[in-house]
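The values are calculated or read from the model by the stated rules, or taken from the named source; none is laboratory data. This one's a predicted model, so the numbers in the text were calculated from it and none came from an experiment. Ideal geometry is used to build each Cβ from the backbone, glycine not excepted, and the neighbour counts take in all protein chains shown.
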Amino acid sequence: MKKTCKFCWGVSVVLLAGVLAMTYMFVIRGSVAASDDGRTAIILEQGERDLVLAEMRGFLESIQTISEGLVEGDMKSVAEAARKVGMVNAAAVPVTLMAKLPLEFKTLGLATHKAFDALSLEATDMGDSKTIMTQMAGLLNNCTTCHSIYRLEAESKK
């Protein structure tokens, strides 16, 4: 009976170590490599890279529409542009892609989606241009921070 118990504990420890290693690889580290420009390269399949780049362009397009809406005093277009790239947009990212992204990248990305939702709410509820501009500054800080740390690279086909 004692041998069986020791065996069970040994198997449990090995399984736990495996789960911890997988958690580190797929939740924290992601699929990354050092790049020659000092940033961290995130290695993705071409389609995954295209999806992330399209999402980033969506952020930029929304910032443009929000800026125009602020100039024109059109809070409805400001709110719609921000909502379009909020958390509803984050739900479309496949789990397999999320596993390849490092934790800090995911954290910045989700914070950006949430910040767009908060900006949309501000435009809908209060419509204070100065507050919205402050929120946009925070959003753009997320973008520049991420771009200064990471670059996306497609996996090389072998």
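I'm checking my understanding of the structure. Among residues of the stretch 116-138 that are closer than 22 Å to Y150 by Cβ and not aliphatic (A, V, I, L, M), which one is surrounded by the fewest Cβ atoms within 10 Å (Cβ to Cβ)?
First pass over the stretch 116-138, keeping only residues closer than 22 Å to Y150 by Cβ: 116, 136-138.
Of the ones still in play, those that are also not aliphatic (A, V, I, L, M) are 116, 138.
Details: F116: 28, G138: 13.
The selected residue is G138.
Say we look at the stretch 139-158 and pick out the residues that are touching a helix residue (DSSP H, G or I) at 6+ places or on another chain (Cβ under 6 Å) and closer than 20 Å to M87 by Cβ; which of these is surrounded by the most Cβ atoms within 10 Å (Cβ to Cβ)? Filtering the stretch 139-158 for residues that are touching a helix residue (DSSP H, G or I) at 6+ places or on another chain (Cβ under 6 Å) and closer than 20 Å to M87 by Cβ, the one surrounded by the most Cβ atoms within 10 Å (Cβ to Cβ) comes out as L139. Against the definition (more than 26 Å from the chain's Cα centre (by Cα) and modelled with pLDDT of 65 or more), how does V71 come out, yes or no? Against the criterion (more than 26 Å from the chain's Cα centre (by Cα) and modelled with pLDDT of 65 or more), V71 qualifies.
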